[in-house]
1. Give me the percent of the accessible area of segment 346-426 that comes from carbon and sulfur atoms, probe 1.4 Å, all protein chains in place.
2. Which value, in Å² and to the nearest 10, is the accessible area of Tyr175 when all protein chains are kept and the probe is 1.4 Å?
3. Hey, can you list the DSSP H helices of the chain whose Cα span along the axis is 18 Å or longer and whose average Kyte-Doolittle score is at least -1.0?
4. Tell me, what is the percent relative contact order of the chain, built from C-alpha pairs under 8 Å that lie six or more residues apart?
5. If DNA, RNA and ligands are ignored and the probe is 1.4 Å, what is the ranking of Cys115, Cys151 by accessible area, most exposed first?
6. For n ≥ 4 DSSP H runs only, could you compute -39500 (n - 2.57) per run for the chain, divide by its residues and tell me the 222 nm figure to the nearest 500?
7. At a 1.4 Å probe radius, which order do Lys281, Lys77 fall into by accessible area, largest first?
8. Any of Lys68/Lys362; Lys68/Lys417; Lys281/Lys362; Lys77/Lys362 with alpha carbons more than 21 Å apart? Name them for me.
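The values are calculated or read from the model by the stated rules, or taken from the named source; none is laboratory data. All of these numbers come straight from a predicted model, not from anything done at the bench. All Cβ positions, glycine included, derive from the backbone under ideal geometry; neighbour counts span all protein chains shown. Just the protein is used for accessible areas: all its heavy atoms, side chains included, with ligands, DNA and RNA removed. Shrake-Rupley method; radii C 1.70, N 1.55, O 1.52, S 1.80 Å.
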Amino acid sequence: MSSTDQKNYALPIAMMIILFAMIAFVTNLAAPMGIVLKNQFGASNFEGMLGNFANFAAYLFMGIPAGKLIQKIGYKKTALVGVAIGFIGVTIQLLSGHAGSFGVYVLGAFISGFCVCILNTVVNPMLNTLGGGGNKGNQLIQTGGTLNSLCATIVPMLVGALVGDVSKANISNVYPVMYIAMGIFAVIFVVLYFVSIPEPYVAKEGVKYEHSPWAFRHFVLGAIAIGIYVGIEVGIPGTMILFLSDPNAGNVGAATAGFVAGTYWFLMLVGRFVGASIGAKVSSKTMLTGASAIGCVLVLLAIFSPTTSTVSMPVLQTSATGAISFGMTQLPISALYLVLCGLCTSVMWGGIFNLAVEGLGKYVAAASGIFMMMVVGGGIFPQIQNAIADATSYMASYWVPALSFAYLLFYALIGSKNVNKDIPVE
């Protein structure tokens, strides 16, 4: 791709990077909305996370079809389909506020999940193509990933600030966030529709597939690992928001709870920078081993720390009059340990993926589609965690992430070894 071509693709590149950010924007709206659902509809912790579950459940249905859709109609048209579905999904969530309907909100979250799954399947390869591949393509993907983490940081903070008083939380409080999402989706759809984008060569003719990725033990265990990982990534901050904003538990208010959760996502952003800088020197196995072990220790510290132990952290605070200010406040020390887990989860996706597809050869493409399907774990494991929180306590529910980290440690040390090298992959 020449420099002239690259200049011509500046606008669609910008749109793809913004879409990368929107993936996090839509996804990370679901968990903090649990605060709203608990107050407005009297939902339990389990029910409060149903929007998040619906969002991730869509991956189970759309993970593999999204890849097939790309092969049939191309990347650009698939991206347009994803953006349109995203606009519809967010619109339905907004309408649920007018209707005062819990079911309508969950439906909107489910439809939004289809959007996020499709865009996840499209954005990475499209950015790589628009950048001309190689280092430039990778640079664009890393730029998109940075904005993705930035949005993941901002959204829970923004929702918390808009909600303010937990006792008065209502879906209508979050309308501004939904209007922003709808506006961005609309602009991106129009721009993508009118610009020309190259289509990367996808299907390979004449290649026979005698087996499937499921024939490789290390891939099967890796697919399980990716579902568990996404469950950890979402469950830790999602349940933490509910814990901190609960008047009978953390009792720090929605704004502060959202800011603390946002700090978790910010540390994921920091961790990704660090991971990218040392990635050429540290193997995926070593990185995943260290991150899993440290993550497990941090969660165990959170579980066993006395609820009376506190630590001072810089956060947004809500006064009795509803005014929002920034300053130091006392938080349960468990929250600090959980926030630090963001540094661990930041480097896990790439590490698990690299270990799981190593030695798969021509089966890597099919493996990628299965991996996208397994992202449904981001809905399943937080639901299990919050069901435990309802039955016991918030901190007891963190045994789910603790055991999940332990599985990832097992995978890094033992499960990632390819024991099926006899299967031809060329």
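1. 70
2. About 30 Å², rounded to the nearest 10.
3. 10-30, 50-99, 102-130, 134-163, 175-194, 217-245, 254-278, 284-304, 333-345, 377-391
4. 24
5. Per-residue accessible area, sorted high to low, gives Cys151, Cys115.
6. That comes out to -24500 deg cm²/dmol.
7. Lys281, Lys77
8. Details: Lys68/Lys362 16 Å; Lys68/Lys417 30 Å; Lys281/Lys362 27 Å; Lys77/Lys362 26 Å.
Check vs 21 Å cut-off fails for Lys68/Lys417; Lys281/Lys362; Lys77/Lys362.
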